[in-house]
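The values are calculated or read from the model by the stated rules, or taken from the named source; none is laboratory data. Quick caveat, the model's predicted, so the values are computed rather than measured. Cβ atoms come from the backbone with ideal geometry, glycine included; neighbour counts cover every protein chain shown. Surface accessibility is based on the protein's heavy atoms, side chains included, excluding ligands, DNA and RNA. Shrake-Rupley method; radii C 1.70, N 1.55, O 1.52, S 1.80 Å.
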Amino acid sequence: MANILVVDDEPNIRHTLRLLLEKEGHNVADASSGEQALAIVSEQHIDLVMLDLRLGADDGLDILSKIRARGEHPEIVIITAHAEVDEAVRAMKLGAYDYLVKPLAPDELLIRVGKILEKRAQSLELMQLREEAAQRHEPYVASQSDAMREIMRRVQRIARQDMPVLITGETGAGKEVIARLIHRLSTRNNKRFVAVNSCALAENLLDSELFGHVRGAFTGANTSQPGLFQEADGGTLFLDEIGDITPSLQAKLLRVLQEGEIRPVGSTKTVKVNVRVIAATNRDLWTLSETGEYRKDLLFRLGVIEIKIPPLRQRRDDIYALTDFFLARQNAKDDPGHAFEITPRARRKLFMYDWPGNVRELTSVLERSFALADGYVIDAEDIIINQNTAADTHNEPPHDMSLQEVEVAHIRRVMELCQGNQVKASKLLGISRSTLQRKLKSLSESAQSD
């Protein structure tokens, strides 16, 4: 149920829309002018405004702009005639969510309104979760890259679709964080989220851990114990490193996904369970399925919805954002009168590193730097990165290069990291954009002469 405002100067249209929407259980107000509409929006909580472009002497686009200028945030749907579609598109650029063309088909209208309100509810819920996550200092709220924003949008879309999800990505990329977010946004959020690392236990222990066992099933099984599937009943079970489970466990997991039932170790009876499975892996299961190392039928079940989290080196905008996030988290724990700072040199060092351990490694490096720093200003020398990693030694220039060759290689690498964006590259290099352009022109002329 939502609060909807219908704004139209034609009484018949207002009356028809009110009846349609009230029949669906919504609270409906109506206005025949822009002045009335603005008064209602300012006095009442409105979720959706259905706004005609033509309101007698009033202009719908002007009313739209005034609603937005007042800081009000209802969704706005423009009602327009065929000849006004171009203006409806302009309205969307001004902040309208969608437009409907007259004459309005009742079924289509109700479907569109339902989808808009559902998406609004999910957006508000996601916003609330992000605020709560910020208070809990969870790092995904700091993501600023286009790739992670798209993942957040996808999470929002699929969270309420009660199907298995497969999350892929390198170690430390944040797969469990995304799994927990899906659970919080799902219809199962009032039940448990249970996580298990599939490669942390031997096969027989994992079998018992997942499906439970009956008394006497094996040596030491003095009592019957429920498994994690039963503990997560009604909620979500997160299976990390799902690519490492054995073929026999793959078969048992497939049975759970197909039949919704488990068989405890040592039992002859099955137990019904209602669990959403979210699995994660850093392996290429599709390739493994082609070689026969992983069951294709299980993969088809697990991968109904797949989310691929790119490594941190491919979303470098998040490095600065995450650094600021962890800095704020650290300062929230310490004496407010002694806040840590991170210098531009230190930030550049963090940005240039490839982070093979992803967000988990960045977290570890920053925590170590905060702990071992002599003062409260973290400079490049205080950023302690494991120099034995392949990524770090790979970035180190050969010792027989001249200073000019090192500069050329460094500029080329920074331009590559910034995907050709000269503004970002000049900031990272600590030079003006005009100086960078001059150096790039020199490099280009040198390459042509060669």
TODO: Mind listing just one residue for me: the one in segment 1-34 that is part of a helix (DSSP H, G or I) and within 39 Å of the chain's Cα centre (by Cα) and, of those, farthest from A105 (Cα to Cα)?
DONE: G34
TODO: Could you tell me which residue of segment 294-347 is farthest from I151 (Cα to Cα), considering only residues that are in contact (Cβ under 8 Å) with a residue 12 or more places away in the chain and acidic (D, E)?
DONE: E341
- [ ] Could you pull out the residue among S208, S224 that is of a type in the set (S, T, N, Q) and either under 28 Å from P311 (Cα atoms) or open to solvent by less than 60 Å² (accessible area, probe 1.4 Å) (or both)?
- [x] S208
- [ ] Could you please tell me which pairs satisfy a Cβ distance under 6 Å, a separation of 6+ or placement on different chains, a first residue in segment 80-92 that is assigned to a strand (DSSP E or B), and a second residue that is modelled with pLDDT under 75?
- [x] T80/A88
Task: The one condition in (1) touching a Lys or Arg at 6+ places or on another chain (Cβ under 9 Å); (2) part of a strand (DSSP E or B) that L257 fails to fulfil - done: (2)
Open item on the list: Among (1) assigned to a helix (DSSP H, G or I); (2) open to solvent by 80 Å² or more (accessible area, probe 1.4 Å); (3) at pLDDT 65 or above, there is one condition Q419 misses while meeting the rest; what is its number?
Closed with: (1)
Open item on the list: For segment 347-375, give me the residue count where each residue is at pLDDT below 90 and either more than 24 Å from R315 (Cβ to Cβ) or in a loop (DSSP other than H, G, I, E, B) (or both).
Closed with: 5
- [ ] Please go through segment 25-44 and pick out each residue that is modelled with pLDDT under 90 and among the charged types (D, E, K, R).
- [x] E35, E43
Open item on the list: Can you find, within segment 427-447, the residue that is most open to solvent (accessible area, probe 1.4 Å) among those that are under 20 Å from Y353 (Cβ atoms) and at pLDDT 70 or above?
Closed with: K427
Task: For E306: the one exception among (1) out of contact with any His (no Cβ under 6 Å at 6 or more places or on another chain); (2) open to solvent by less than 80 Å² (accessible area, probe 1.4 Å); (3) in a helix (DSSP H, G or I); (4) not aliphatic (A, V, I, L, M) - done: (3)
Open item on the list: I'm trying to understand the selection: among the residues of segment 367-376, which are open to solvent by 80 Å² or more (accessible area, probe 1.4 Å) and in contact with a strand residue (DSSP E or B) (Cβ under 9 Å, 6 or more places away or on another chain)?
Closed with: Y376
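I need the full set of residues from segment 35-57 which are within 19 Å of K102 (Cβ to Cβ) and either assigned to a helix (DSSP H, G or I) or open to solvent by less than 40 Å² (accessible area, probe 1.4 Å) (or both), in order please.
Hits for segment 35-57 are A37, L48, V49, M50, L51, D52, L53, L55.
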Open item on the list: Being touching a strand residue (DSSP E or B) at 6+ places or on another chain (Cβ under 8 Å) and not aliphatic (A, V, I, L, M) is the filter here; which residues of segment 151-183 pass it?
Closed with: R154, Q161, D162, P164, T168, G169, K175, E176, R180, H183
- [ ] Only one of these is over 23 Å from V214 (Cβ atoms) and surrounded by fewer than 13 Cβ atoms within 10 Å (Cβ to Cβ): E259, E290. Name it.
- [x] E290
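Results for (1) at pLDDT below 85; (2) assigned to a loop (DSSP other than H, G, I, E, B); (3) out of contact with any Phe, Trp or Tyr (no Cβ under 8 Å at 6 or more places or on another chain), shown as yes or no for each residue.
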| residue | (1), (2), (3) |
| --- | --- |
| L109 | no, no, yes |
| E125 | yes, no, yes |
| Q128 | yes, no, yes |
| E131 | yes, no, yes |
| I151 | no, no, yes |
| E170 | no, yes, yes |
| T187 | no, yes, yes |
